[in-house]
Amino acid sequence: MTATAGAGSSPALTRGYGPLLRTPGAAAFTWAAAVGRLPIAMLGIGTVLLVEDRRGSYALAGLVSAAYALGLAVLAPLISRAVDRRGQRVVLPFALGLSTLGVFALVLLAGTQAPAGWLVAAAAVMSASSSQLGSCVRSRWSDLLTAADRQGDIAKAYAWESVVDEVVFVFGPLVVVTCALLDPAVGLALAALLGAIGTLALVAQRSTEPPVRSASGGRHPSALVSPGLRTLTVSMLFVGVLFGTVEVSMVAFAEERGSAAAGGLLLALVAGGSAAAGLGYGLVHWAAPLHRRFLIALVGLAFGLVPMTFAPSVALMAPAALLAGIAISPSLIGAFGLVDPLVPPAARTEGFSWLNSGLGVGVAAGFAASGAVADSSSARTALLVALGGAVAAAAVGFAFRRTLVPRDAV
């Protein structure tokens, strides 16, 4: 993978993200979406803390949390499809109302003797709002930069949003755990409040909202009619398995070596490596086409996990975790970047959501698989599941690589 400086201007590495964020309207919508996305990283762990505290059952807490993860995977494409057809300002407030209802229903029901099915239903709809904002903000970037004839900056914008995602997933759980020192319900209520602030701030920004586009022939087929999007979604599912497995395995690895507190540090190193890589990736003008960079990034992701699998101690796991994290952002940036050329503009928001759904299903599967393996064997064995997820993601990408080539590049 080679990189070159942008022709006819100062090198990309010297420009930073300042010019991008100074694009009229950009800073306002990206920060609104960042605040609105915090509940994604807060509601899952917040649900576990609340249900276990109120009902005294980790099994029930896991079941309810799994319903939330499944809701992320199922509702996101449906609501994003509605966004493509009706517009962000019409659909997002409705989704916010549904999500807020789910949060407060769960808080109220968890402290009663309500059947478990009611808790599951409440958790399933909590994801209706915040799960859309990442897709919506990427659609805004694409439209804004295309209208300004700055298509070359779209990859940088997606890199920036990847970094924002990492920051969200670092700070969100910390906020919820801190709130739980008072009461687990406080964390969920705060998540609902932040989601409302971010979502309403985003929809209020009408000037950067993408227009509703009519599909050809007046029909609105699913974004999944694109073979390339199907390939990306399945590949992201396996990347999600990697994410879920690493999260559980790092904690188990640290506990096995008598340093439970180090689990959080190891996960922070993974996230930190990914954030740093995302920042660097967006500052370089790459010569290789995006679909090729995506495939190379998947291979790098697999190789980056090998040192983690064999690290014998927490001290050696720390640099291995940082190395593994460095390969994450390029894979995600490539996947989201390919949605633009592979999916019709009228279904773009839905296309982004399918990638998030693939990741969500994979994370849930990774949680389940790695937890079972760590209990029955060891954290090192569980890390092999993560490596298997990375290898499978790369295998899918290479097996169907022709579907990832945009038509204008054929």
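Every residue in the stretch 155-196 that is over 20 Å from the mean Cα position of the chain (by Cα), among the β-branched types (Val, Ile, Thr) and modelled with pLDDT of 85 or more, please.
186
Find the residue count for the stretch 200-240, including only residues that are hydrophobic (A, V, I, L, M, F, W, C), at pLDDT below 90 and either over 16 Å from residue 76 (Cβ atoms) or not in a helix (DSSP H, G or I) (or both). Talk me through it step by step, then tell me what you get.
Filtering the stretch 200-240 for residues hydrophobic (A, V, I, L, M, F, W, C) gives 200-204, 212, 215, 223-225, 229, 232, 234, 236-239.
Subset that is at pLDDT below 90: 212, 215, 223-225.
From the residues that got through so far, the ones that are either over 16 Å from residue 76 (Cβ atoms) or not in a helix (DSSP H, G or I) (or both) too are 212, 215, 225.
Qualifying residue count, the stretch 200-240: 3.
Return yes when residue 114 is surrounded by fewer than 24 Cβ atoms within 10 Å (Cβ to Cβ), of a type in the set (Gly, Ala, Ser) and without any contact (Cβ under 8 Å) to a residue 12 or more places away in the chain and no when it is not. Walk me through it before giving the result.
Values: surrounded by fewer than 24 Cβ atoms within 10 Å (Cβ to Cβ): yes; of a type in the set (Gly, Ala, Ser): yes; without any contact (Cβ under 8 Å) to a residue 12 or more places away in the chain: yes.
The answer is yes for residue 114.
Go through the stretch 117-156 and give me each residue that's under 19 Å from residue 62 (Cβ atoms) and free of Cβ contacts under 8 Å to residues at least 60 places away in the same chain.
Across the stretch 117-156, the qualifying residues are 117, 118, 120, 121, 122, 124, 125.
Considering 99, 65, which residue is among the hydroxyl-bearing types (Ser, Thr, Tyr), at pLDDT 90 or above and closer than 26 Å to residue 365 by Cβ?
Working: 65 fails: at pLDDT 90 or above.
Matching residue, one of 99, 65: 99.
Looking at residue 255 and the list (1) in a helix (DSSP H, G or I); (2) at pLDDT 85 or above; (3) surrounded by fewer than 16 Cβ atoms within 10 Å (Cβ to Cβ), which single condition is not satisfied?
Evaluating residue 255 over (1) in a helix (DSSP H, G or I); (2) at pLDDT 85 or above; (3) surrounded by fewer than 16 Cβ atoms within 10 Å (Cβ to Cβ) leaves (2) as the failure.
Residue 76 - would you say it is touching a Leu at 6+ places or on another chain (Cβ under 9 Å) and assigned to a helix (DSSP H, G or I)? Full working, then the answer.
Values: touching a Leu at 6+ places or on another chain (Cβ under 9 Å): no; assigned to a helix (DSSP H, G or I): yes.
Against the criterion (touching a Leu at 6+ places or on another chain (Cβ under 9 Å) and assigned to a helix (DSSP H, G or I)), residue 76 does not qualify.
Within the stretch 280-308, track down each residue that is in contact (Cβ under 8 Å) with a residue 40 or more places away in the chain, surrounded by fewer than 17 Cβ atoms within 10 Å (Cβ to Cβ) and closer than 27 Å to residue 253 by Cβ.
Within the stretch 280-308, just 306 meets the criteria.
In the stretch 128-146, what count of residues is obtained for those that are more than 15 Å from residue 343 (Cβ to Cβ) and among the polar types (S, T, N, Q)?
Matching residues across the stretch 128-146 total 4.
Taking residue 112 as meeting all but one of (1) over 13 Å from residue 68 (Cα atoms); (2) in a helix (DSSP H, G or I); (3) among the β-branched types (Val, Ile, Thr), write down the number of the exception.
Every condition holds for residue 112 apart from (2).
Do the conditions hold for residue 165, that is, is it within 14 Å of residue 36 (Cβ to Cβ), assigned to a helix (DSSP H, G or I) and among the acidic types (Asp, Glu)? Give the derivation first.
Details: within 14 Å of residue 36 (Cβ to Cβ): yes; assigned to a helix (DSSP H, G or I): yes; among the acidic types (Asp, Glu): yes.
Judged against the criteria, residue 165 is a match.
Among 381, 349, which is hydroxyl-bearing (Ser, Thr, Tyr) and under 30 Å from residue 85 (Cβ atoms)?
Details: 381 fails: under 30 Å from residue 85 (Cβ atoms).
Testing whether each residue is hydroxyl-bearing (Ser, Thr, Tyr) and under 30 Å from residue 85 (Cβ atoms) leaves just 349.
Looking only at the stretch 310-321, count how many residues are assigned to a helix (DSSP H, G or I) and surrounded by fewer than 19 Cβ atoms within 10 Å (Cβ to Cβ). Working first, answer last.
Within the stretch 310-321, the subset assigned to a helix (DSSP H, G or I) is 310, 314-321.
In the following step, the residues that additionally are surrounded by fewer than 19 Cβ atoms within 10 Å (Cβ to Cβ) were identified as 310, 315-316, 318-319.
Summing the residues that are assigned to a helix (DSSP H, G or I) and surrounded by fewer than 19 Cβ atoms within 10 Å (Cβ to Cβ) in the stretch 310-321 gives 5.
Checking residue 362 against (1) of a type in the set (Gly, Ala, Ser); (2) more than 16 Å from residue 71 (Cα to Cα); (3) within 20 Å of the chain's Cα centre (by Cα); (4) surrounded by 24 or more Cβ atoms within 10 Å (Cβ to Cβ): exactly one of these is not met. Which one?
All conditions pass for residue 362, except number (2).
If I go through the stretch 14-70 residue by residue, how many of them are on the phi > 0 side of the Ramachandran plot and touching a Ser or Thr at 6+ places or on another chain (Cβ under 8 Å)?
Our first condition is that a residue be on the phi > 0 side of the Ramachandran plot; within the stretch 14-70, this holds for 16, 25, 56.
After this cut, where a residue has to be touching a Ser or Thr at 6+ places or on another chain (Cβ under 8 Å) as well, the list is 25.
So the answer is 1.
Select from the stretch 13-51 the residues that are at pLDDT below 85 and out of contact with any helix residue (DSSP H, G or I) (no Cβ under 8 Å at 6 or more places or on another chain) and list them in ascending order.
Residues satisfying the conditions are 13, 14, 15, 16.
Check whether at least one residue in the stretch 395-406 is touching a Phe, Trp or Tyr at 6+ places or on another chain (Cβ under 9 Å), crowded, with 24+ Cβ neighbours inside 10 Å, in a helix (DSSP H, G or I) and touching a residue at least 24 places away in the same chain (Cβ under 8 Å), and report yes or no.
yes
Give the residue that is surrounded by the most Cβ atoms within 10 Å (Cβ to Cβ), with candidates limited to residues of the stretch 123-168 that are touching a Phe, Trp or Tyr at 6+ places or on another chain (Cβ under 8 Å) and more than 25 Å from residue 207 (Cβ to Cβ).
Going through the qualifying residues, I end up with 126.
Identify all residues within the stretch 115-150 that are closer than 17 Å to residue 192 by Cα, under 17 Å from the mean Cα position of the chain (by Cα) and outside any loop (DSSP other than H, G, I, E, B); write none if there are none.
If the condition is that a residue be closer than 17 Å to residue 192 by Cα, under 17 Å from the mean Cα position of the chain (by Cα) and outside any loop (DSSP other than H, G, I, E, B), then 126, 127, 128, 130, 131, 132, 133, 134 are the ones that fit.
Right, residue 171: over 20 Å from residue 361 (Cβ atoms), out of contact with any Phe, Trp or Tyr (no Cβ under 7 Å at 6 or more places or on another chain), aromatic (Phe, Trp, Tyr) and surrounded by fewer than 22 Cβ atoms within 10 Å (Cβ to Cβ) or not?
Details: over 20 Å from residue 361 (Cβ atoms): yes; out of contact with any Phe, Trp or Tyr (no Cβ under 7 Å at 6 or more places or on another chain): yes; aromatic (Phe, Trp, Tyr): yes; surrounded by fewer than 22 Cβ atoms within 10 Å (Cβ to Cβ): yes.
Spelling it out, residue 171 is indeed over 20 Å from residue 361 (Cβ atoms), out of contact with any Phe, Trp or Tyr (no Cβ under 7 Å at 6 or more places or on another chain), aromatic (Phe, Trp, Tyr) and surrounded by fewer than 22 Cβ atoms within 10 Å (Cβ to Cβ).
The values are calculated or read from the model by the stated rules, or taken from the named source; none is laboratory data. As the structure is a computational prediction, the values presented were derived from the model and not from experiment. For neighbour counting, all protein chains shown are included, and Cβ atoms are generated from backbone atoms with ideal geometry for every residue, glycine included.
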